[in-house]
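*Asks:* Handing you this structure, nothing more for now.
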Amino acid sequence: MPTIFSHALLPLAMGVALGRKRVSVPLALTGAALAILPDLDVIGFRMGLGYESGWGHRGFSHSLLVAVLVAGGIALLWRSARRPGAFLFLLACMASHALLDLMTDGGQGVMLFWPFSETRWFLPWQPIRVSPIGARFFTARGLETVWSELTLIWLPVLLLCGVAVRVRRRRAAS
């Protein structure tokens, strides 16, 4: 899994790129929280759930169905999220978690299509170094993860975000 910082980056960058008229600050922050949410499943390790369990890490909480249900639940409870664009933004934010995990080089894959399939998936291209969990993050391997994410996630995302902001400002000025 990428670090929670990289998971949160994508929604925040999308919010900046799209602008406050389309994505309010509260909506962007909610999106960032949703992008981190699936990794709460690591609590399963402390409860004795093995990695291979559908209820364990990268299991049901990483599925597209759960992303739809959570984004839909928020839309039902929060008036600002009821607009189709806001709902789709929240859905994309939560689903972005699985996308990044699909590109990591470790673990047992992501149950993207749970409950219809318990197959765990990876993308054919897995350039992102998987992050160590817990205190093991503060090791040389954790530093490798940070470097991997800086070069493969942060720099490209921030570059694209900057380009999108510039294009948006040019359009507004003309």
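*Asks:* Mind checking which of G107, G59, G15 has the largest fluctuation in a GNM of the chain, springs on alpha carbons under 10 Å?
*Replies:* Checking each option, the largest mean-square fluctuation is seen for G107.
*Asks:* Related question: Filter the trypsin sites (Lys or Arg not before Pro) in the stretch 42-128 to those in DSSP coil with at most 10 other Cβ atoms within 10 Å of their Cβ, and list the result. Please report the intermediate quantities before stating the final value.
*Replies:* Details: sites: R46, R58, R79, R82, R120; in loops: R58, R82, R120.
Listed in order of number, the matching sites amount to none.
*Asks:* Follow-up question, since we're still on this one. Let me know the charge dipole size of the stretch 93-165 about its Cα centre in debye, to the nearest 20, where only the beta-carbon of Lys, Arg (+1) and Asp, Glu (-1) is charged. Mind showing how you got there, number by number?
*Replies:* Numbers: 4 positive and 5 negative charges, 23 e Å.
Taking the Cα centre of the stretch 93-165 as origin, the dipole is about 100 debye.
*Asks:* Here's another thing I want to ask about it. With n ≥ 4 as the cut-off for DSSP H runs, can you work out [θ] at 222 nm for the chain, using -39500 (n - 2.57) per run divided by the number of residues, rounded to the nearest 500?
*Replies:* Values: 7 runs with 93 residues, N = 174.
Mean residue ellipticity, 222 nm, calculated: -17000 deg cm²/dmol.
*Asks:* Let me ask something else about it. To the nearest Å, what is the center-to-center distance of the stretch 1-17 and the stretch 24-77, using C-alpha atoms only?
*Replies:* 15 Å
*Asks:* Evaluate E = 1/(1 + (r/R0)^6) for L99 and T139, where r is the Cβ-Cβ distance and R0 equals 22 Å; express this FRET efficiency to the nearest 0.05.
*Replies:* On the way: r = 26 Å, r/R0 = 1.19.
After rounding, the FRET efficiency stands at 0.25.
*Asks:* Determine how many Å³ per residue the convex hull of the Cα atoms of the chain encloses.
*Replies:* Convex hull volume per residue, Cα atoms: 124 Å³.
*Asks:* Right, next: Pulled fully out, how much extra length does the chain show between I43 and V68, if you take 0.36 nm times their separation in residues and subtract their Cα-Cα distance? If you can, show how the numbers build up before the last one.
*Replies:* Details: separation 25, 0.36 × 25 = 9.00 nm, distance 2.21 nm.
Here the segment from I43 to V68 would lengthen by 6.8 nm.
*Asks:* So for the chain, taking the charge dipole from beta-carbon charges (+1 Lys/Arg, -1 Asp/Glu), which of A67, M111, Y51 sits furthest toward the positive end?
*Replies:* Comparing the listed Cα positions along the dipole, A67 ranks first.
*Asks:* Please list, in chain and number order, the residues 5+ apart from W121 or on another chain whose amide H is under 5 Å from its amide H, with Hs placed from the backbone.
*Replies:* V110, M111, L112
*Asks:* Which value, in debye to the nearest 20, gives the size of the charge dipole of the stretch 36-174 about its Cα centre, when Lys and Arg are +1 and Asp and Glu are -1 at the Cβ?
*Replies:* Numbers: 14 positive and 8 negative charges, 185 e Å.
Dipole about the Cα centre, nearest 20: 880 debye.
*Asks:* Counting other Cβ atoms within 10 Å, keep those with at most 15, restrict to DSSP loop, and tell me which chymotrypsin sites (Phe, Trp or Tyr not before Pro) in the stretch 24-73 are left.
*Replies:* Details: sites: F45, Y51, W55, F60; in loops: Y51, W55.
Sparse-neighbourhood loop chymotrypsin sites (Phe, Trp or Tyr not before Pro): Y51, W55.
*Asks:* Short version: ³J(HN,Hα) in whole Hz for each residue of the stretch 10-19, in order, from phi by Karplus 6.51 cos²θ - 1.76 cosθ + 1.60 (θ = phi - 60°), x for Gly and Pro, what are they?
*Replies:* Couplings: 4, x, 5, 5, 4, x, 5, 4, 7, x Hz.
*Asks:* For S80 and R169, calculate 0.36 nm times their separation in residues minus their Cα-Cα distance, and state this gained length in nm to one decimal.
*Replies:* Details: separation 89, 0.36 × 89 = 32.04 nm, distance 2.47 nm.
Working it through step by step, the gained length comes to 29.6 nm.
*Asks:* Distance between Cα centroids, the stretch 134-172 to the stretch 82-120: provide it in whole Å.
*Replies:* A separation of 19 Å, based on Cα centres.
Since every read-out is calculated from the coordinates, none of them should be taken as a lab result. Quick caveat: nothing in here was measured; it's all calculated off a predicted structure. Every residue, glycine among them, receives a Cβ derived from its backbone with ideal geometry; neighbour counts consider all protein chains shown.
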